[in-house]
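Structure, as structure tokens:
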Amino acid sequence: MYKIVAKKDLASTIKLFEIYAPRVAKKAMPGQFVILRLDEKGERIPLTITDWSKEKGTVTVVVLEAGKTTKKLASMKVGDYILNFVGPLGKPAEVKNYGTVVFVGGGVGIALLYPEVRAFKEVGNKIITIIGARTKDLLIFEEELAKLSDELYIATDDGSKGHHGFVSDLLKKLLDEGKHIDLVVAVGPVIMMKVISNLTKPYGIKTIVSLNPIMVDGTGMCGSCRVIVGGETKFTCVDGPEFDGHLVDFDNLIARNQRYLEEEKLALERMKTYG
Ligand code: FAD
Ligand code: FES
Ligand code: MG
């Protein structure tokens, strides 16, 4: 059992949890994730490791309320226990000095960028960060990322803060201005990662994306998380979650992520009715 030792509301639908899981904290690296199960009846869901403390033995996750399991987790309190908390899973990010790195984060993806931005900064990269959300209240980790970034740009879909539009508009502006960029790292909705990868491709700028297919076991056994990268089938949980965005078949991923929509809707309705 894994105890929730701290909880923070980052936005109306986004919560941060610190969980006591010393064995995960000891080995965690940027880019990795955990798979948790709340209770005996619960499903397994993956969440990125946003931060960790070897000293305190804690792992931080940031959760967007998307459906039944994430809403249930969001309602849990400090002192409650999570049944299973397996990790760290996946390959760590390849952290080295590339030169100038642009990080692009959308929605809850902003929180997932944070450990990578910190690690890339520590090895001497110049960091340009672009973050975006539907509206300003959903912008998270702004202060933390501002401290780590040489330049920080903000976009909101409704224009309530920063650029009125998408994060991709801001990256396009940098590219049009001829800004020297050695690497782009994009984390967020699949459609955002697709647009960003299509933008950088003609410029030949290496672009890393963190894929979020439906996962079950997280150990390469069930095949649920398969994606097509460079024409080959890869298992995101063991071969990823980070891949070369120019090689990913995003349309296949979008279609596969929608395959349980009916069941997910039903599960949420049942939870609202029966608890
Ligand atoms: P549901 O209503 O069941 O599903 C909503 C949508 O979430 C689905 O349409 C589907 O696209 C996706 N989803 C559903 N079940 C799964 C599953 N078992 N695995 C993956 N996706 C699923 N979300 C965060 O809020 N914070 C994170 O740090 C985070 N990190 C992730 C890291 C990885 C490697 C992956 C693959 C996903 C990550 N996600 C993260 C997404 C998160 O796992 C889903 O939002 C969650 O599983 C939804 O569960 P639900 O029951 O609340 O919603
Ligand atoms: Fe089962 Fe990746 S989640 S193979
Ligand atoms: Mg679910």
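The values are calculated or read from the model by the stated rules, or taken from the named source; none is laboratory data. Quick caveat: nothing in here was measured; it's all calculated off a predicted structure. Every residue, glycine as well, gets a Cβ built from its backbone with ideal geometry; the counts of neighbours run over all protein chains shown. Areas reflect the complete protein model, heavy atoms only, side chains present, ligands, DNA and RNA absent. Shrake-Rupley method; radii C 1.70, N 1.55, O 1.52, S 1.80 Å.
Quick notes
- Note on segment 60-78: residues that are open to solvent by 70 Å² or more (accessible area, probe 1.4 Å) and either within 16 Å of ligand 2 (Cβ to nearest atom) or assigned to a loop (DSSP other than H, G, I, E, B) (or both) amount to 4.
- Qualifying residue in segment 90-113 (condition: part of a strand (DSSP E or B), within 20 Å of residue 8 (Cβ to Cβ) and touching a residue at least 60 places away in the same chain (Cβ under 8 Å)): yes
- Selection count where residues are within 16 Å of ligand 2 (Cβ to nearest atom) and of a type outside the set (D, E, K, R), scope segment 251-270: 4
- Some residue of segment 255-275 being closer than 24 Å to residue 87 by Cβ, in contact with a strand residue (DSSP E or B) (Cβ under 6 Å, 6 or more places away or on another chain), within 16 Å of ligand 3 (Cβ to nearest atom) and not in a helix (DSSP H, G or I): no
- Against the criterion of being under 19 Å from residue 213 (Cβ atoms) and of a type in the set (Gly, Ala, Ser), residue 106 qualifies.
- Filtered residue count, segment 53-73, keeping only those that are more than 9 Å from ligand 1 (Cβ to nearest atom) and in contact with an Asp or Glu (Cβ under 9 Å, 6 or more places away or on another chain): 5
- Close pairs from segment 63-74: first more than 13 Å from residue 264 (Cβ to Cβ), partner within 16 Å of ligand 2 (Cβ to nearest atom) and assigned to a strand (DSSP E or B), Cβ under 7 Å, at least 6 apart: 63/47
- Which listed residue is of a type in the set (Val, Ile, Thr) and away from ligand 3 (no atom under 16 Å from the Cβ), from 45, 49, 82: 49
- Scanning segment 243-259 for residues that are in contact with a helix residue (DSSP H, G or I) (Cβ under 9 Å, 6 or more places away or on another chain) and either on the phi > 0 side of the Ramachandran plot or within 14 Å of ligand 1 (Cβ to nearest atom) (or both) yields 243, 248, 250, 253, 254, 257.
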